[in-house]
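Trainee: Handing you a structure now.
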Amino acid sequence: MNNANMHKLDWDGVKHFLEVVRAGSVSAAAETLGVNQTTVSRRIAALEQYLGKSLFVRDGKRWMITAIGEELVSTAERMSEEADSIQRHVMADSQELSGLLRITVADVCTQSLMLPALKAFTEQYPEVDLEIIATRDELNLASREADVALRSTDNPPSNLVGKRIGRIAYAVYGSKDILERIQSDPDSGDVPCITWIGDGHTRPPWIEKSFPNTRRVYRTTELGLMLKMVQLGMGMAQMPCAFGDLETDLHRIPAAFVERGWGLWVLSHVDLRTTARVRIFRDFLVEELQKQKAIIVGKDVD
């Protein structure tokens with residue numbers, strides 16, 4: 001094997017190794033990378049052979065990272081960031097990076113996830129004019145209603161291309177007082193629940209299965225308003241971890257059942273995949289969201 005192929009093999013292995021660490025499992029990494037699990041396993045095995053060290057201990061479907069694997073994570077992160085940066089600079093130098101870029105984002109949670117990336121992007125590419133369209137409606141990227149979408153979905157349209165960041169995790173949140181009330185008497189039913197008007201007049205599964213004795217249910221149309229209601233101690237609500245975990249005055253409430261969230265995707269239309277500002281922003285946003293992946297998928301954060 002020549003040096004060029006060995007270098008490529010080494011980088012492929014690092015990329016797959018890093019995604020397993022980020023995703024938490026080989027199956028999740030394969031889904032994110034758009035390959036099968038065998039490919040992920042083979043690439044990491046090749047990297048381990050190249051290094052002469054085991055990066056994971058395999059126990060059936062469980063992969064536990066080794067001490068040397070832990071040491072490699074920070075280096076792999078730097079390699080990934082540098083590779084992404086080089087790609088963006090090459091594209092920026094070869095194509096004019098200016099003009100209007102329309103971005104659509106839905107609720108206040110995904111808006112807050114996107115904002116740090118928007119700030120960093122405008123500082124690095126000041127000639128791009130941004131339009132941020134905050135709407136729950138799925139704008140038609142094919143008709144250029146927007147160029148890039150940050151969207152919660154499990155089934156993105158076939159005419160869109162992009163990257164899946166991970167599955168948005170949910171938990172039930174409440175104030176410290178409500179947490180203490182639930183801990184002292186989980187079955188009392190005195191603590192109200194707050195949910196969506198879109199749930200209709202029936203009680204959603206997280207209430208029925210976790211707090212079946214709850215007598216009062218409040219409803220709202222906005223996640224931001226739901227957050228304020230919970231902070232005021234009006235009740236407890238199921239919310240994205242990427243939203244609730246950042247609020248220091250809120251606490252996760254033990255719940256027997258929490259509803260499964262959708263995947264978080266960065267998408268653009270297939271016809272725009274070679275447009276410099278669209279491609280670069282999409283890759284830039286993916287890179288920034290990967291840094292927040294732990295909180296998106298609901299892992300405990302410091």
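The values are calculated or read from the model by the stated rules, or taken from the named source; none is laboratory data. Everything numeric in this text was worked out from a predicted model, so none of it was measured. Here Cβ is always computed from backbone atoms with ideal geometry, including for glycine, and neighbour counts include all displayed protein chains.
Trainee: For segment 149-197: of the residues being aliphatic (A, V, I, L, M) and in a loop (DSSP other than H, G, I, E, B), which is surrounded by the fewest Cβ atoms within 10 Å (Cβ to Cβ)?
Mentor: Result: Ala169.
Trainee: Output the number of the condition that Val266 fails; it satisfies all remaining conditions of (1) more than 22 Å from Asp187 (Cα to Cα); (2) not assigned by TED's automatic domain parsing to the domain that holds Leu113.
Mentor: (2)
Trainee: A further question on this structure: May I ask you to list the residues in segment 96-123 that are in contact (Cβ under 8 Å) with a residue 60 or more places away in the chain and of a type in the set (Gly, Ala, Ser)? Before the answer, list the steps.
Mentor: Step one: list which residues in segment 96-123 are in contact (Cβ under 8 Å) with a residue 60 or more places away in the chain, which gives 96-99, 101, 103, 107-110, 112-114, 116-117, 120-121.
If the condition is that a residue be in contact (Cβ under 8 Å) with a residue 60 or more places away in the chain and of a type in the set (Gly, Ala, Ser), then Ser98, Gly99, Ser112, Ala117, Ala120 are the ones that fit.
Trainee: So, one more: Could you tell me whether Ala242 is within 18 Å of Arg167 (Cβ to Cβ), within 23 Å of the chain's Cα centre (by Cα) and part of a helix (DSSP H, G or I)? Show your work before the answer.
Mentor: Numbers: within 18 Å of Arg167 (Cβ to Cβ): yes; within 23 Å of the chain's Cα centre (by Cα): yes; part of a helix (DSSP H, G or I): yes.
So Ala242 passes the test.
Trainee: Which of the residues belonging to segment 194-238 are under 24 Å from Ser112 (Cα atoms) and touching a Cys at 6+ places or on another chain (Cβ under 8 Å)?
Mentor: Once the filter is applied, which keeps residues that are under 24 Å from Ser112 (Cα atoms) and touching a Cys at 6+ places or on another chain (Cβ under 8 Å), segment 194-238 yields Leu223, Gly235, Met236, Ala237.
Trainee: Which residue is farthest from His269 (Cα to Cα), if the candidates are limited to segment 154-203 and must be among the hydrophobic types (A, V, I, L, M, F, W, C) and free of Cβ contacts under 8 Å to residues at least 60 places away in the same chain?
Mentor: First, the residues of segment 154-203 that are among the hydrophobic types (A, V, I, L, M, F, W, C): 160-161, 165, 168-169, 171-172, 178-179, 182, 191, 193-194, 196-197.
Going one step further and asking which of them are free of Cβ contacts under 8 Å to residues at least 60 places away in the same chain, we end up with 191, 193-194, 196-197.
Details: Val191: 45, Cys193: 39, Ile194: 36, Trp196: 31, Ile197: 32 Å.
Ranking the candidates gives Val191 first.
Trainee: In segment 43-68, what residues are touching a strand residue (DSSP E or B) at 6+ places or on another chain (Cβ under 9 Å), assigned to a helix (DSSP H, G or I) and over 14 Å from Ala29 (Cβ atoms)?
Mentor: Hit for segment 43-68 is Glu48, nothing else.
Residue-by-condition table, conditions (1) closer than 27 Å to Gln183 by Cβ; (2) at pLDDT below 90; (3) in a strand (DSSP E or B):
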{"position": "Phe257", "(1), (2), (3)": "yes, no, no"}
{"position": "Gly261", "(1), (2), (3)": "yes, no, no"}
{"position": "Val266", "(1), (2), (3)": "no, no, yes"}
{"position": "Thr274", "(1), (2), (3)": "no, yes, no"}
{"position": "Asp283", "(1), (2), (3)": "no, yes, no"}
{"position": "Lys299", "(1), (2), (3)": "yes, yes, no"}
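Trainee: Report yes if Arg279 is assigned to a strand (DSSP E or B) and either under 24 Å from the mean Cα position of the chain (by Cα) or surrounded by fewer than 19 Cβ atoms within 10 Å (Cβ to Cβ) (or both), otherwise no. Before you say what the answer is, go through the steps one by one.
Mentor: Working: assigned to a strand (DSSP E or B): no; either under 24 Å from the mean Cα position of the chain (by Cα) or surrounded by fewer than 19 Cβ atoms within 10 Å (Cβ to Cβ) (or both): yes.
Criteria not met by Arg279.
Trainee: In addition: Kindly establish whether Leu55 is under 26 Å from the mean Cα position of the chain (by Cα), buried (at least 19 other Cβ atoms within 10 Å of the Cβ) and at pLDDT 85 or above. Steps first, answer last, please.
Mentor: Details: under 26 Å from the mean Cα position of the chain (by Cα): yes; buried (at least 19 other Cβ atoms within 10 Å of the Cβ): yes; at pLDDT 85 or above: yes.
Answer is yes for this residue.
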